[in-house]
Structure formats: C-alpha cells, structure tokens
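Rule-based calculations on the coordinates, nothing more; no lab input. Remember, it's a predicted structure, so these values are computed and weren't measured experimentally. Heads up, the Cβs are rebuilt from the backbone with ideal geometry, glycines too, and the neighbour counts pull from every protein chain shown.
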Amino acid sequence: MIIEILLIILICLLITVGFLFIILYLFKSRTMQRRVEIFFSGGADIETGRISLDTKFFKGIPEDLHETNVLVINKKQNKGILLSITNLKKGISEKIYVADVLRIGRCNADYIISDDRTVSKTHCCLYVREGRLYVRDLDSRNHTYKNGKAVFKGTVCNSGDEIKVGDTVLKIQY
C-alpha cells in the first residue's frame with residue numbers, strides 16, 4: 001500500500017516537472033526574438049535609423065563608440081548599387097548603398113532632407129530592379145522631377161541625373 005502511494009506521488013512529480021519544462025520552453029520561445037544581422041561599415045543616425053557609408057557620420061552615437069563596426073548578416077545577398085548622392089543646395093555628398101529601396105523625404109525616410117519644408121514626409125524613392133536604378137514619386141505634394149521632367153511612375157535613373165525633391169536638387173552618380 002505504501003509503495004503504491006509513493007509510486008503515485010512519484011508519477012505526479014514527474015508529470016508536474018514535465019509540465020514545468022513545457023511551460024518554460026513555450027515562454028522562452030515566445031520571449032526570445034530572432035535577430036537578423038547584416039554587415040555594414042560606416043556611420044549611423046540613432047534617431048532615424050539611417051546608415052551611411054561615411055565613417056564620420058555618427059549622429060547620436062557616443063564618441064567612444066565611433067570606431068564600432070555594426071555587423072548584420074543578410075540571408076539573401078541583393079545586387080544593389082552604390083550611389084553618390086550630392087545635395088547641390090548644401091554641397092554635401094554621401095555614398096549610400098541601395099540594395100532594394102531608398103525612401104527620400106523630410107522625416108519618414110531613409111535619406112532625410114529636414115531643412116526643406118517643400119519636401120514631403122516620404123517624397124520619393126530610389127529602387128533597384130534587375131541591376132538598374134529607378135526613381136518614383138510617392139504622391140508628394142510638390143512632385144519629383146528628374147532632369148526637369150516630372151516623375152510619376154518608376155523611371156530609370158542614370159548616373160549624372162539630377163533629382164529635384166521640393167526645392168532641393170540631388171545629383172545621382174554611380
């Protein structure tokens with residue numbers, strides 16, 4: 001009789017421990033997020049999440065972390081285009097790698113033009129398809145112009161083209 005009671009207690013303990021392991025496993029799998037890492041070398045803006053190939057571009061990052069390389073591994077290697085975008089209004093040139101889409105705008109964008117009120121929040125985008133660069137207006141209020149002509153749908157953008165976004169002109173070279 002005592003052996004049977006001890007056996008029942010042991011079985012109950014094993015079942016309880018098994019349930020605890022299952023609950024712990026489920027909790028752990030839900031709370032642990034997978035992260036995708038990609039490699040890039042350059043600078044970053046902590047506030048906007050924008051990255052730049054310019055190693056001197058470190059907005060919002062403490063001085064002691066400027067030499068830090070952020071590593072991210074992308075599962076799929078996209079064949080993108082390395083652009084040199086020159087803001088002709090400011091005379092500032094940046095090198096930016098476009099693997100898929102680069103949104104340009106005043107605030108909700110990857111490439112931000114914050115000092116031009118005629119630029120929409122998300123004004124236009126540059127994107128790569130089959131190894132070619134395209135520019136497309138994103139229903140902006142003041143439209144997007146390529147070499148003086150309005151752009152409404154995806155239009156091929158060649159090296160040397162000038163993209164007018166609001167009152168700002170960007171020269172694209174690659």
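Residues in region 143-151 carry Karplus couplings, in order, of 6, 10, 10, 10, 6, x, 10, 5, 10 Hz; the curve used is 6.51 cos²θ - 1.76 cosθ + 1.60 with θ = phi - 60°, and Gly or Pro positions show x. A simple spin-label model places the labels of residue 4 and residue 21 2.9 nm from each other, with each point 7 Å out along Cα-to-Cβ.
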